[in-house]
Amino acid sequence: MRYFITTTIPYVNADPHIGFLWELLIADYVARFQKSKGNEVRFIAGTDENGLKIAQAAESIGKPTKDFVDEYVQKFFDLNTQFEISIDDFIRTTEKRHKKGVYKLWNLCKKNGDIYEDTYEGLYCVGCEDFYRTEDLIDGKCPDHKKEPELIKEKNYFFRLKKYLPEIARLVKEDKIRILPDIKKQEVLRMIASGDIGDLSISRSKERSRGWGIPVEGDENQMVYVWFDALTNYISALDFGEENSKKFETYWNNAQVWQFLGKNVLKFHALYWPAMLLSAGQKTPDVLHVHEFVTNEGEKMSKSLGNVVAPKDLLGKYDVNITRYYFAKQNPFADFNFSFHAFEQTAEGELKKEIGNFVSRVFGILKKAPDSISLEKIVLQEEIEKAEAAAIASSERGEFHVALQEIYQLVKRANKFIDEKQLWKGGEETEYAALLKIISLIAFWGQVFSPQKAKRIHDALNLKPGVKTFENKRIAFDPLF
Ligand SMILES: [Zn+2]
């Protein structure tokens, strides 16, 4: 099986916050899990550099927009190295390959008669880069940005979104576009059924865009709407703009396409994006994995509210493996209430006292074990198999917090078992085999959560799937945490 994995591309008008880091990590867990199973994976991230919001932010500090974005892009790019995100490519929407992709997609939609000109009048929130209906505002203000939207009237190009809604409803209902979790699938179906979704304005006047962005091909007074532009990144990164792109054929048409996104951009990814693809005669994504937000004391963290915990607040302070584990512990489909206290408790309790301790004890116990241990018969077999099956099933759905809980409970059980049997004094072959089986599960899921730590276990024990006898080399092993 082959996988193509994407995250959304953040706007580069402020420093990264941990909400986006969480998304990168969730996608990375899936990428690493599938790779560990032997699947082929292509995983991309990138940055959204066009749009009015960015032009305005640069203007407000008197910087040329290009210099402004270059500076921020680096910070987003660095997250991948800092937190060991295994991306294969990084796409910037100011790149040539992206512009080519946008033109191709636009032209295909146009050829199909799905793009037309009309006058637009509406309430526009610059923060959201989206129009609002009066009834969706709270006290006349954008519910996200708590600012009054501007009344705007201008000539725009429109996309026949409405035409594709019945087809999208069918694809979503039949899980051809599988939306995780189910509650978000129902939300999308309700959006379509409401009849409130009309055609989509997909261009802005050049003047209002400050000339920053991708001009409409053949009409230089209009710029491509930032969402039409941004969504295309998922395929422009596969050289969709080129004739017969092999990358696109391999990783879009012949792969499971998993797209990770936050709940605030569900409409764009579940309606606009599939409609654009359908209009252009292209395949729609296979899975949309929709996560909730990271909150701080129960409030949404956002640039405009100024309560952001930044990834850089974690760097240097905590081992990256601990960060990756703590984030993986969170249910992606529920709000993640970030707390430094819980973070430190996880590091001390689960990681050091239970998992780290278990690994150290096993290496100690192996010193007294025979030279070779048959792995065919083990004690605690039923418990181990049950935990493994549950961990695999939840990981396949991108719910790693369940997998992690299963493995953690198993390790706790194994630590008790070591105490009960006083295995440091020596034990049965089937007992050693069980410890080795559990440590191999830690090493397998460790590849997903804490790649460096997992590699140390792998290198020391050389436990490979399918191996029936373990050669005991009695290796000295430094504590994991
Ligand atoms: Zn807004």
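With pairing defined as another cysteine C-beta under 4.7 Å, the cysteines of the chain that fail it are 109. Simple spin-label estimate for residue 89 and residue 173 gives 3.5 nm between the two label positions (7 Å along the Cα-to-Cβ direction from each Cα). Checked against a 31 Å cut-off, the cross-linked pairs 35/162; 317/386; 100/153; 35/368 give Cα-Cα distances beyond that limit for 35/162; 317/386; 35/368. When the GluC sites (Glu not before Pro) in the stretch 252-343 are filtered for DSSP coil states and for at most 11 other beta-carbon atoms within 10 Å of their beta-carbon, the remaining sites are 297. Only helical runs count toward this figure. For the chain, summing -39,500 (n - 2.57) over DSSP H runs of n ≥ 4 and dividing by all residues gives -13000 deg cm²/dmol at 222 nm. A Förster radius of 30 Å, combined with the Cβ-Cβ distance separating residue 385 from residue 35, puts the computed FRET efficiency at roughly 0.80. In the chain, the DSSP beta bridges split such that about 50 percent are antiparallel, to the nearest 5. 7 Å from Cα along Cα→Cβ at both residue 193 and residue 243: what's the point-to-point distance in nm? Calculated label separation equals 4.8 nm. Once the chain from residue 337 to residue 71 is taken as fully extended at 0.36 nm per residue, the excess over their C-alpha distance is 92.8 nm. For residue 263, the aspartates and glutamates whose Cα falls under 13 Å of its own Cα, not counting residues fewer than eight places away in the same chain, are 23, 144, 182, 187, 292, 335. For the pair residue 372 and residue 205, a Förster radius of 60 Å applied to the C-beta separation gives a FRET efficiency near 0.20, rounded to the nearest 0.05. Please go through the residue pairs 53/96; 312/352; 353/425; 96/455 and name each one whose alpha carbons sit more than 30 Å apart in this structure. Checking Cα-Cα distances, 96/455 exceed 30 Å.
Decide, for the stretch 129-235, between rounded, prolate and oblate: order the square roots of the alpha carbon gyration tensor eigenvalues as a ≥ b ≥ c, take rounded if a/c falls under 1.5, and otherwise choose prolate if a/b is larger than b/c, else oblate. Verdict is oblate for the stretch 129-235. What the Cβ-Cβ distance of residue 133 and residue 424 gives, at R0 = 45 Å and to the nearest 0.05, is a FRET efficiency of 0.10. Considering the chain at the alpha-carbon level, its Rg and Dmax are found to be 25.2, 82 Å. With both labels modelled 7 Å from their Cα along Cα-to-Cβ, the residue 396 to residue 348 distance reads 3.9 nm. Our estimate of slack between residue 474 and residue 300, defined as 0.36 nm per intervening residue step minus the Cα-Cα distance, is 57.6 nm. The length gained on full extension between residue 100 and residue 317, counted as 0.36 nm times the residue separation minus their Cα-Cα distance, comes to 73.9 nm.
By the rule of a C-alpha distance below 19 Å, with chain neighbours fewer than 8 residues away ignored, the aspartates and glutamates paired with residue 421 are 354, 382, 383, 429, 431. Given the C-alpha centroids of the stretch 406-463 and the stretch 156-181, what is the distance between them in whole angstrom? So the two Cα centres are separated by 46 Å.
Each reported figure results from applying straightforward, stated rules to the coordinates on display, with no laboratory input. Bear in mind that the values here come from a model prediction, so they are computed numbers and not experimental data. FYI the Cβ positions are ideal-geometry reconstructions off the backbone, even for glycines, and counts take in every protein chain you see.
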